[in-house]
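Everything on this sheet refers to the single structure shown next.
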């Protein structure tokens, strides 16, 4: 019996270590090749822990990629940061150098709202753990870490429009992570949506300017503007 009592704590510890390992999410090798479409969530951190498949999209230029998520109820804050209730990661690989990336995340309304909304893009490697609460290894490098400009506009009875946009940047070929973070603050939950656009460097557009207005999907307007801008750059048919 004494042997069983001595072994039991070791078994419990082993179980906890296995559970912690199962919760760790790492970036997988590119498994989905797409020229345009949507990004699936690679990993998430909530108050209950971290989970995800680590899916890594292999993105082609040019292309426009939509991402977004809805939360059914207000979130419990993270133990490590009480200003956040979630960190979502979307891993992707740029197959060729010379692309620009623009992403915008939006939360509208008081019933369905997200406070402290923020996005960022950072360079990573296959096998890295995601999401990250702190700064990534690429922070401080000349290539590989990009922060967002966050804005907030009151819409009267329609609530608050929050945008979080990374200015157009030049990306080398490689693997990156787009992270969306925030605090689900609506009484009925919250949601965000956005677009990642990859274009050849020759059509690098100016920084997007969010347009506030009830019932308007700003990220779709931005994406449409990028496509229209790129079309105007094309030579006339001969």
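What follows is calculated from the coordinates using simple rules that are stated; it is not laboratory data. From a predicted model like this one, the values you see are computed outputs, not experimental measurements. Here Cβ is always computed from backbone atoms with ideal geometry, including for glycine, and neighbour counts include all displayed protein chains.
Centre-to-centre, using Cα atoms only, segment 172-189 and segment 82-101 are separated by 8 Å.
Of the residues 114, 26, the one with the fewest other Cβ atoms within 10 Å heads the list, and the complete ranking is 26, 114.
Note on residue 72 and residue 31: their simple-model spin labels are 2.6 nm apart, each label 7 Å out from Cα toward Cβ.
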